[in-house]
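The values are calculated or read from the model by the stated rules, or taken from the named source; none is laboratory data. Just so you know, these numbers come straight off a predicted model, no measurement behind them. Cβ coordinates were reconstructed from backbone atoms using ideal geometry, including for glycine residues, and neighbour counts include every protein chain displayed. Accessible surface is based on the protein model in full, side chains and every heavy atom, while ligands, DNA and RNA are left aside. Shrake-Rupley method; radii C 1.70, N 1.55, O 1.52, S 1.80 Å.
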Amino acid sequence: MNRGNAARIPESQAEPVDAIVVGGGIGGLSTALALAKVGLQTRVLEQAPRFGEVGAGLQMAPNATRILRDWGLLDEVIEMGVTPRRLVMRDAMDGRELTMLDLVDAQERYGAPYVVLHRSDLHSILLNACQRAGVDLVTGCEVTSLAQSAESATALSKSRSDTGHVVVAADGLSSRLRALISSDEPVSSAFVAYRGAIPIDEIKDEKGISLTDVVVYIGPGRHFVQYPLRRGEMFNQVAVFRSPKALAGLTDWGTPDELDEAFAGSCAQVMAGIPHLWLDRWWNMYDRDPISSWVKGRMVLTGDAAHPMLQYLAQGACQAIEDAAELSHQVSEHRENGRFDWPVALEHYARIRTARTARVQANARAWGEFWHCDGAERERRNKLLRERDVYDYTHVDWFYAEQTAASVP
């Protein structure tokens, strides 16, 4: 047996299943559910003592809600979230509207809605769906290594081993299993995010607040996002800025002392939102450079383990859901007489998804630079956005529209 970086197989060997998914976040649960829906016995291994999701708001674009509808979950997602009327972009310095996307029109164009909801709500919906589908859900299991043979892969932790025809690594940005394929490291963007989700009653009377739109204020080295959550009962705000400490090479960066200075001089609407942010936690923003292969034997990457991306296109969770749908599709397509051709299915999945997600990763980085420019570049950007036809979908068609055989590289 080829053991990768494994030491020994623990004495406790669980009953083998078709697929082992390492990681119980949104990407891991999406993958487990999608594989269960095509008839696979699937087990999720989560290192935390219980399943859960941290964070606040999450944006689900049509490319993801279309899949959630196929899984029978969209009605529940809409019930728990909000379907905003517009996606509005404003200048963070003077508050002026620059451009917008009519999300009602976009729903007609793409055949699926744009929904915003709490991360924990989507996670709970997926977790319940996995339970209904018979997925084996295991907590307190920190997978540290992998063992492989020609026909199977085994995820190894201190207390147990779990074997399947395939192991799917959904263990996030700092994935241990990705290290079996690539020696790359996460890339710091030098930006940090502060979030805050509060009861709507705390802000509904403030001037300039939209309770029907997703609003993004973009400015020099900063941006600020606002939208309602949980059927309009909560309000989500996100402040993102470039950290001087990170640029100086310090390790303790993104701390609250930088927040006020970063947003000094912003418009009144942005400044009114800053006091509502959580100051006891923050998220330093990393991604990774794309890699050409996600497969090693019977192990395959998915979600942030495969393609962690910056948040500017709001596509991180959406692309993980796409991964799940494509992997299950390829597995189903390469089944004959009850047997799966795993090597071919994994190869096809990786070829399709590496090309698409690399494009999303690159565009997310570029979009961040576009948002955060200053001086003459900011003036040119604002002019370009103000002159844009608001029903021009050129820059979103490629990732919101349904993927067809002709559109796949």
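Which value, in Å², gives the accessible area per residue of the stretch 66-159 when a 1.4 Å probe is used on the protein heavy atoms? Walk me through the numbers before you get to the answer.
Details: 3860 Å² over 94 residues.
Each residue of the stretch 66-159 exposes 41 Å² on average to a 1.4 Å probe.
Fully extended, how many nm does the chain gain between Leu384 and Thr255 (0.36 nm per residue separation, minus their Cα-Cα distance)? If you can, show how the numbers build up before the last one.
Numbers: separation 129, 0.36 × 129 = 46.44 nm, distance 3.41 nm.
Contour length minus the Cα-Cα distance gives 43.0 nm.
Would you kindly state how much longer the chain becomes between Trp398 and Leu247 on full extension, computed as 0.36 nm times their sequence separation minus their alpha carbon distance, in nm to one decimal?
Numbers: separation 151, 0.36 × 151 = 54.36 nm, distance 3.33 nm.
That works out to 51.0 nm of additional length.
Given a 1.4 Å probe and every protein chain left where it sits, what share in percent of the accessible area of the stretch 345-409 is carbon and sulfur? Display every interim value, and only then the final one.
Values: 2000 of 3640 Å².
C and S atoms contribute 55 percent here.
If you restrict to DSSP beta bridges whose two residues both lie in the chain, what percentage is antiparallel, to the nearest 5? Each step should come with its number before you reach the end.
Working: 49 of 71 bridges.
Expressed as a percentage, antiparallel bridges in the chain total about 70.
Taking only complete DSSP H runs, can you tell me which helices of the chain stretch 27 Å or more along their own long axis by Cα positions and average at least -1.0 on the Kyte-Doolittle scale?
Details: long enough: 342-371 (42 Å, -0.50).
Passing helices, by number: 342-371.
Work out, step by step, the length gained on full extension between Asp184 and Ser12: first 0.36 nm times the residue separation, then minus their alpha carbon distance; give nm to one decimal. List each step's numbers first, then the result.
Working: separation 172, 0.36 × 172 = 61.92 nm, distance 3.24 nm.
Working it through step by step, the gained length comes to 58.7 nm.
Taking 51 Å as R0, compute the FRET efficiency from the Cβ-Cβ separation of Ala133 and Ala264 and round it to 0.05. Write down the numbers at each step before the final one.
Working: r = 50 Å, r/R0 = 0.99.
It comes to 0.50.
What number comes out for accessible area per residue over the stretch 273-409 if the probe is 1.4 Å? Units Å², please. Display every interim value, and only then the final one.
On the way: 6600 Å² over 137 residues.
Ligands and nucleic acids excluded, the result is 48 Å² per residue.
Roughly how many nanometres apart are two label points built 7 Å out from the Cα toward the Cβ at Gln41 and Asn337?
2.1 nm
If one computes the Cα centroid of the stretch 22-59 and of the stretch 216-267, what distance in Å separates the two points?
That distance is 29 Å.
When the label point is put 7 Å from the Cα of Glu108 along its Cα-to-beta-carbon vector, which residues of the stretch 364-406 have a backbone N closer than 16 Å?
What the label zone holds, given the 16 Å backbone N cut-off, is 390-393.
With a 10 Å radius around each residue's Cβ, average the other Cβ atoms per peptide and rank 245-257, 228-240, highest first.
Details: 245-257: 12.8, 228-240: 20.8.
Highest-to-lowest ranking by the protection proxy: 228-240, 245-257.
Please list, in order, the residues from the stretch 300-314 whose amide nitrogen is less than 14 Å from a point placed 7 Å along the Cα→Cβ vector of Ser293.
In the stretch 300-314, the label zone of Ser293 (backbone N under 14 Å from the point 7 Å along Cα→Cβ) covers 300-301.
Quote the relative contact order of the chain in percent (integer), defining contacts as alpha-carbon pairs under 8 Å separated by 6+ residues.
Working: 859 pairs, mean separation 88.4, N = 409.
Result for the chain is 22 percent.
Give the accessible surface of the stretch 173-239 per residue, rounded to a whole number of Å², with probe radius 1.4 Å and ligands, DNA and RNA excluded. Mind dumping the intermediate values first?
Values: 2500 Å² over 67 residues.
For the stretch 173-239, the per-residue accessible area is 37 Å².
What does the helix-only formula give at 222 nm for the chain: each DSSP H stretch with n ≥ 4 adding -39500 (n - 2.57), the total divided by the residues, and the result rounded to the nearest 500 deg cm²/dmol?
Values: 12 runs with 130 residues, N = 409.
About -9500 deg cm²/dmol.
Running a GNM on the chain with Cα contacts under 10 Å, which residue among Ala364, Ala19, Ala376 ends up with the highest mean-square fluctuation?
Looking only at Ala364, Ala19, Ala376, the biggest GNM fluctuation is shown by Ala376.
Could you point to the residue in Gln315, Ile352, Gly134 farthest towards the positive end of the chain's charge dipole, with +1 and -1 charges on the Cβ of Lys/Arg and Asp/Glu respectively?
Of the candidates, Ile352 comes out farthest on the positive side.
With the full set of protein chains in place, find how many percent of the accessible area of the stretch 1-117 is carbon and sulfur; take the probe as 1.4 Å. The partial results should precede the final answer.
On the way: 2080 of 4880 Å².
About 43 percent, which is the carbon plus sulfur part of the accessible surface.
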